[in-house]
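Read through the structure below, which is laid out as structure tokens, and then see the notes.
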Amino acid sequence: MEKVMRLASEKGVVIFTKSSCCLCYAVNILFQELGIRPMVHEIDQDPEGRDMEKALLRLGCTAPVPAVFIGGKLMGSTNEIMSLHLSGSLTQLLKPYQSRS
Amino acid sequence: MDSSSSQYVSTRNIGVYDPTHQFTIWEDHFKSNGDLSLYEPNMKFNNQSEDASFGILGTSIKYDQQANKLTEKMQRRLAQNREAARKSRLKKKAHIQQLESCRLKLVQVEQELDNTRQQGLYIGGGLDSNNLGFAGSANSEITTFKMEYEHWVEEQNRQILELNSALSSHISDTQIEELVNGIMNHYFKLFCMKSDAAKIDVFYVITGMWKTTSEQFFLWIGGFRPSELLKVLVPLIEPLTEQQRFDAYNLEKSCRQAEDALSQGMEKLQGMLTDTVAAGELIEGTYTPHMDTAIERLEALASFVNQADHLRQETLQQMSRILTIRQTARWLLVLGEYFQRLRDLSKVWANRGREPA
């Protein structure tokens, strides 16, 4: 749990994924489209991956991956991110972390 | 038989060795139904002891006992045959009943198929003339889904008609809201149905085999592409306020971005699935590590269908937030009529140049 929270606060936008998960890939693509370079942690490549997965579920994430943290706070999984984006809220939340290109 | 009976009577009276119990039973049976339907397994042993005990009585009794032995075997066999014949008759009856009920069910299904064909609803992918060859999936749950979808379309058409007449008449906003909620929930119901069907046959759902061929042409991950509909249909619900136009435009943009992300994820998944199929021995029923991976990929595919439907649902909900209740009603009407026309497009093509009936 501490590992998850620590990693989640390391950068503005953090996504926990699994290497084989295509929805995680899709969410990552969306963030890049919005000018964000999220920090990606593949929990299936992490020795403590299983504990991290449990921790993410305990934090209330609907699916363990992808788990999106913005500003250290858990936003949710694909469903939540999509809803946030369509309502226009996601862009607002990401404003402080957008890279200037 | 009669001589045997009289012999039994005499031996009963002797009382030296008393197997009379057995003999009495025989006698009763002879008297009642003239044959032996009960086989006494102890008979053989009793006969042997009888032979020893009754040796002094002479061969006449012994002869009868030998004859009875033969009759016993015969009668035993006859009894077994009768039993076997009875069981076989029961089995045959049960089998025929099963065939009958299957036949009735078949007739029902064929009837339903004929009905939907007459309504001009083209069953996607069905090049077979064989009635049961439709939709490429003989699975009964998929058949059920297909039928439930036909009912869904009928209900949808009814709702659109109702909404149309409601909007042309003077009904209150509350009543309009009721109709709007009904239509929205009807769409959400379809997404649930699709999710359940995807668990049975994900390819069936994602290729839109349950839709008309014209709908299949515009398919995006098992359904309509929300951003495209927004682009085409929002102008038809003018007049809108500046803010509403702005919000609708942003919704369309966000939709497209989300669709692009999902499309790219799908492409990656397709590649992975191709690799799985190429690498593995996907032998049905045989467990291989590749089978596990294949299942994983197909589960991921189902989750993409769910995500695409979630996007469609969110689009509908966002529109209802941007618009007033009457505007939402007009939006749903425009949407519903669009789908109707799209479904009918195949018919238009098929009926071109034909003489009117």
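The values are calculated or read from the model by the stated rules, or taken from the named source; none is laboratory data. Small disclaimer: the values here were computed from a predicted structure and weren't measured. Cβ coordinates were reconstructed from backbone atoms using ideal geometry, including for glycine residues, and neighbour counts include every protein chain displayed.
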For the range B:198-213, state whether one or more residues are surrounded by 15 or more Cβ atoms within 10 Å (Cβ to Cβ), more than 23 Å from the chain's Cα centre (by Cα) and modelled with pLDDT under 95. yes
Of (1) touching a helix residue (DSSP H, G or I) at 6+ places or on another chain (Cβ under 6 Å); (2) away from chain A (no Cβ under 14 Å), residue B:304 satisfies all except one. Which? (2)
The condition of being crowded, with 22+ Cβ neighbours inside 10 Å and more than 14 Å from every other protein chain (Cβ to nearest Cβ) holds, among A:81, A:43, A:15, only for A:43
When residue B:233 is evaluated against the numbered criteria (1) aliphatic (A, V, I, L, M); (2) in contact (Cβ under 8 Å) with a residue 12 or more places away in the chain; (3) more than 20 Å from residue B:255 (Cβ to Cβ), which criterion, by number, is the only one it fails? (3)
Residue in the range B:154-173 that is exposed (fewer than 13 other Cβ atoms within 10 Å of the Cβ), in contact (Cβ under 8 Å) with a residue 12 or more places away in the chain, acidic (Asp, Glu) and touching a helix residue (DSSP H, G or I) at 6+ places or on another chain (Cβ under 8 Å) present: yes
Within the range B:50-102, can you find the residues that are at pLDDT 85 or above and among the basic types (Lys, Arg)? B:73, B:76, B:77, B:82, B:86, B:87, B:89, B:91, B:92, B:93
